[in-house]
Amino acid sequence: MTLKTVMFDVQKVRNDFPILSKSVHGKQLIYLDNAATSQKPNSVIKAIADYYANHNANIHRGIHTLSEEATQMYIDARQRLAHFIGTDDAHELVFVRNATEAINLVARTWAEKTISEGDYILVTQMEHHSNLVPWQILTAQKKANLLVCAVTQDGELDLDDFKNKLSYKPKLVSMVQVSNFLGVINPVADLTRLAHEAGAKVLIDAAQSVPHMRVDVQKLGIDFFAFSGHKMMGPMGIGCLWVRRSILESMPPFLYGGGMIDEVFFDKASFAGLPDIYDAGTPNVEGAIGLSAAVDYLSDLGIEKVAAHESELVSYALGRLQEIRRLRLFGPIDHAKRGGVIAFTMKEAHAHDVAQVLDRQFGIAVRSGHHCVMPLHMAYEVPATTRISFYAYNTQDEIDVLIEALYVIQKTFGG
Amino acid sequence: MDDLYQEHILDHYKHPRNYGVLAQCRYRASGANASCGDGVVLYLQLKDDLTPQAFRFTGNGCALSMASASMLTEKVLNDRLSVNQILALSFDDLVQMLGIEVSLARKKCVMLPLVVLQKMVKGG
């Protein structure tokens, strides 16, 4: 039985991605490592090349034509990104390097100013190191306390524990929307409401959600929102931090120097307003333009259709993986609760061996290790897992090749 | 199969030589690659003339780390390596011992038992 995706023509999508026609070790590339980074469509690659071929100049500081063009393209990119996540106030969107930098920015500015000795910050057990370590450092520095909400054995957030920990009145709740290990989608709108009722501000790590599903920062009601461009068909080196205006306006600057100032004397300086105050130095203009092109591509495709396509793939993959004996799956078994990420272990072979054979024998790219979620792996008592992750250009046929490969690995290493 | 997972590598992985604990031993040490979960415990007993009498290991990990540990115990025992000779062993020696090409990404797996062994006997 073949599931035909009526959402969009996957083959047509695949044709837009030049790297997908590559061979590795003589096999057709099967790219299942999208949670690590996504591949880029021609339109994104062309947009970046076009910028350098036809419009490149430094922005904001020049009167000449190219500078005006580049400046306008940068402004337009910011507007496109803001609109994509559900706001028309483009000044609420800060360009950064990636989600990690976005979270560090909040830690070093808003949290640095707001968190005092004895205060609480609440995170969860399923956080990526980038939404865990900055808070460890900050709470240690401030003699504040880091609370960690538990995850159930089934791979979902422990809602009772969450409510319990809210009773400590944390100043900030910082959590992931879609886990890059468990695949689980957290009920962010509900959790935000509870957090706000308890007096906390809410930061969402959206690195694995924005690329794959519709997000609306207004509807979610959150305060900070971080994501990376390279996971959503955009280039590396660009990401976004969205901050509710009422908070952003009173946040201190992050980096200091050219571009974010108003007046400068030898002994002091005053600073620009939004958005320039967070654009110290020459920004990654090519990155912003590339990311804007990615947003255009995803919008044309239809982000809801991308989500539906991935949901079908996850449902199919979970079904076939569950048939493999001595294979342990992580995260909820219900595909409706998951994004397109599936991590597993096999009894017969270590995650690294699995990844190695999948690559060399079958041309399949997966990731093995702890996926920057080391503490949760330790809590599950598995040092390393193998992870597959889907995007708009993956197919059911690719899953079939993966499953056959896993049976071969099982036989070779276990027999 | 793959040129990395040749017959002898898989054989050592599935049927490791000298596997098990050693109740009486002069040296005992454990080590792990935290990020990938390869771990070994080594047990080494020496004769009066300080040549190896028994060398066993236990552990869990990827095929390369386990095969490397298994083959290393055989090498130390068969070649009757002294402590100084053990300390002189290098990554290249392991690659030769394994008979396969080891990529940069898998070097840590292969080196684990040697790193633990050398640290263990260095103490004296």
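The values are calculated or read from the model by the stated rules, or taken from the named source; none is laboratory data. A quick note: this is a predicted structure, and the numbers were derived from the prediction, not measured. Using ideal geometry, Cβ is built from the backbone for each residue, glycine included, and neighbour counts are taken over all protein chains shown.
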- [ ] State the number of residues belonging to the range A:384-404 that are buried (at least 18 other Cβ atoms within 10 Å of the Cβ) and free of Cβ contacts under 8 Å to residues at least 60 places away in the same chain.
- [x] 2
Open item on the list: Testing A:P134 on (1) more than 18 Å from the chain's Cα centre (by Cα); (2) assigned to a helix (DSSP H, G or I), one condition comes back false. Which one is that?
Closed with: (1)
- [ ] Filter the range B:69-94 for residues that are in contact with a Lys or Arg (Cβ under 7 Å, 6 or more places away or on another chain) and closer than 9 Å to B:L114 by Cβ and give the result.
- [x] B:F91
Task: Selection within the range A:224-272 - assigned to a helix (DSSP H, G or I) and touching a strand residue (DSSP E or B) at 6+ places or on another chain (Cβ under 6 Å) - done: A:G229
TODO: Filter the range A:117-126 down to the residues that are part of a loop (DSSP other than H, G, I, E, B) and in contact with a strand residue (DSSP E or B) (Cβ under 8 Å, 6 or more places away or on another chain), then identify the one that is surrounded by the fewest Cβ atoms within 10 Å (Cβ to Cβ).
DONE: A:G118
Task: Residues located in the range A:370-379, provided they are assigned to a loop (DSSP other than H, G, I, E, B) and out of contact with any Gly (no Cβ under 9 Å at 6 or more places or on another chain) - done: A:H371, A:C372, A:V373
Open item on the list: So, in the range B:88-97, how many residues would count as being crowded, with 18+ Cβ neighbours inside 10 Å and farther than 20 Å from B:A32 by Cα?
Closed with: 0
Task: Every residue from the range A:330-369 that is part of a helix (DSSP H, G or I), more than 13 Å from A:Y31 (Cα to Cα), more than 9 Å from every other protein chain (Cβ to nearest Cβ) and of a type in the set (G, A, S) - done: A:A336
- [ ] Please indicate, with yes or no, whether at least one residue in the range B:29-40 is farther than 25 Å from A:M374 by Cβ, within 14 Å of chain A (Cβ to nearest Cβ) and touching a residue at least 12 places away in the same chain (Cβ under 8 Å).
- [x] no
TODO: Residue by residue through the range B:46-77, note down the ones that are within 14 Å of chain A (Cβ to nearest Cβ) and surrounded by fewer than 18 Cβ atoms within 10 Å (Cβ to Cβ).
DONE: B:N60
Open item on the list: For the list (1) surrounded by fewer than 17 Cβ atoms within 10 Å (Cβ to Cβ); (2) assigned to a loop (DSSP other than H, G, I, E, B), I need the number of the one condition that B:L81 fails.
Closed with: (1)
Task: the range A:127-148 residues that are surrounded by 19 or more Cβ atoms within 10 Å (Cβ to Cβ), paired with ones that are among the aliphatic types (A, V, I, L, M) and part of a helix (DSSP H, G or I) (beta carbon under 7 Å, 6 or more apart) - done: A:S130/A:A99; A:S130/A:I103; A:N131/A:I103; A:P134/A:I103; A:P134/A:A107; A:W135/A:A107; A:L138/A:A107; A:L138/A:A111
TODO: Give the residues of the range A:370-395 that are among the charged types (D, E, K, R) and more than 12 Å from chain B (Cβ to nearest Cβ), sorted by residue number.
DONE: A:R387
- [ ] Could you tell me which residue of the range B:10-27 is surrounded by the most Cβ atoms within 10 Å (Cβ to Cβ), considering only residues that are within 13 Å of the chain's Cα centre (by Cα) and outside any loop (DSSP other than H, G, I, E, B)?
- [x] B:Y13
TODO: Filter the range A:201-223 for residues that are closer than 16 Å to A:V176 by Cβ and either part of a helix (DSSP H, G or I) or hydrophobic (A, V, I, L, M, F, W, C) (or both) and give the result.
DONE: A:V202, A:L203, A:I204, A:A206, A:A207, A:V210, A:M213, A:V215, A:V217, A:L220, A:I222
Open item on the list: Step by step: first the residues of the range B:33-43, then only those that are at pLDDT 95 or above and of a type in the set (A, V, I, L, M, F, W, C), then the one that is surrounded by the fewest Cβ atoms within 10 Å (Cβ to Cβ). Which residue is that?
Closed with: B:V41
Task: Lone unmet requirement of (1) touching a Gly at 6+ places or on another chain (Cβ under 8 Å); (2) surrounded by 14 or more Cβ atoms within 10 Å (Cβ to Cβ); (3) under 30 Å from A:H371 (Cβ atoms) for A:E68 - done: (3)
